[in-house]
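Everything on this sheet refers to the single structure shown next.
What follows draws every value from the coordinates through simple rules; no lab data is involved. What you see is a predicted model; the values in this text were computed from it and never measured.
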Amino acid sequence: MKRVLLMFTWFILLSAATAQTQLKSTSPAADNLNWMVRIGLNALDQSSSSNFVKAKSALGFQGGLNVIWNPGWKLKGGLEYQYHEVFEINENSSIITDAETSDRSFHRLKLAAGTLYDLINIDYLTIGIGADALYNFDLTSQEKVYSDFSNTFDLDYFSGLIHLYINIKKIQIDFGFEGNLFDLQPTHLNPFQSKTYTLSLGYIF
């Protein structure tokens, strides 16, 4: 009986020690924080037009800083600056003046929060997908355009981003698709009428 009790006590101590060792070895990795800088190109696509906006495609660029937190499930947040020519305004003198019909370039600051999920993880290669929610702040210094002299043409809005990423050691290659969702002010854009395709290169610290 004593041998059974001694064996049982030794087994409990051994199990507790093993569990504590595993907890110490896995918790730092689970609570890991990584920083990433990104830069890339984007292509705007408006496949449909409205009465106010003519369909237009244009190239641009973006750059940003992200933080990735892994408490067991990867979470991401960050800021991103984006530039591109966005709209070609319809020439309609009853709505806007001729001076406002030229091509325009826009500057946006994006506040992003999302999640990442690794699909394949082999040695130094990781392939995964992510989903982000973004709020776009319009940094354009040009004056707002008014339609019917009442509604402002504001580019502050929420958007959604779905992206596929490939990590090769510390290097990340990211392919993304972003579309406008809804806005706080009238933008005369239907959901996903303004779509952006992105290609980014990042470095994880």
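Close amide H pairs (under 5 Å, H built 1.01 Å from N) link His107 with Leu139, Thr140, residues at least 5 positions away or on another chain.
Between amide H atoms placed 1.01 Å from N, distances below 5 Å from Gln193 occur with Asn180, all of them 5 or more places distant or on a separate chain.
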